[in-house]
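Participant: Here's a structure for you.
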Amino acid sequence: MNNNQLQQLRQTLEEELATLQQFINDELPVDETELSAVDNHPADAATDLTTVVTELTLNELKEEEIERIKTALTAMDEGTYGKCAVCGENIPFGRLEAIPTALTCVDHAEKENVE
């Protein structure tokens, strides 16, 4: 991977990080409406609960992606980005272009996700 490719990937990661952080900062708190069944029809309560759980799950996924991006940026700073964390082989640029947060080669990708 050459310097231009590395800078392209860094820019992609930094832009995605800024977007996710802005989204989280601008997002209104999860709407925790009245979930008691006293005044609400059970279907309304179920809808409200589903909405809350969905929003919390999406926020959690965004936080996890932020952590993956920060880890990739740290690897860039340390000079280890683009090398498989398991076997040390170079990760093809095409894989990094598709998944800039990848820290393993394709052969070790499944092991990375099992943790």
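Participant: What's the total number of residues in region 82-108 that are more than 14 Å from Leu17 (Cβ to Cβ), under 17 Å from the mean Cα position of the chain (by Cα) and touching a residue at least 60 places away in the same chain (Cβ under 8 Å)?
Facilitator: So in region 82-108, the residues more than 14 Å from Leu17 (Cβ to Cβ) come out as 82-99, 102-108.
So of that shortlist, the ones also under 17 Å from the mean Cα position of the chain (by Cα) come out as 95-99, 102-104.
Of the ones still in play, those that are also touching a residue at least 60 places away in the same chain (Cβ under 8 Å) are 96-97.
Adding up the residues that qualify gives 2.
Participant: Report every pair of residues separated by at least 6 positions or lying on different chains whose Cβ atoms are under 9 Å apart, first residue within region 43-71 and closer than 27 Å to Ala18 by Cβ and open to solvent by 70 Å² or more (accessible area, probe 1.4 Å), second among the β-branched types (Val, Ile, Thr) and part of a helix (DSSP H, G or I).
Facilitator: From residues that are closer than 27 Å to Ala18 by Cβ and open to solvent by 70 Å² or more (accessible area, probe 1.4 Å), the pairs are Glu63/Ile24.
Participant: Tally the residues that are of a type in the set (Ser, Thr, Tyr) and at pLDDT 95 or above, restricting the search to region 44-79.
Facilitator: Pass one, region 44-79, residues of a type in the set (Ser, Thr, Tyr): 47, 50-51, 54, 57, 71, 74.
Narrowing further to those that are at pLDDT 95 or above: 71, 74.
Total meeting the criteria: 2.
Participant: Among the residues of region 72-101, what is the count of those that are open to solvent by less than 60 Å² (accessible area, probe 1.4 Å), touching a helix residue (DSSP H, G or I) at 6+ places or on another chain (Cβ under 8 Å), within 18 Å of Gln7 (Cβ to Cβ) and of a type outside the set (S, T, N, Q)?
Facilitator: 9
The values are calculated or read from the model by the stated rules, or taken from the named source; none is laboratory data. Keep in mind it's a predicted model, so treat the numbers as computed, not measured. Cβ: placed from backbone, ideal geometry, glycine included. Neighbour counts: every protein chain shown. All accessible areas refer to the heavy atoms of the entire protein, side chains included, with ligands and DNA or RNA removed. Shrake-Rupley method; radii C 1.70, N 1.55, O 1.52, S 1.80 Å.
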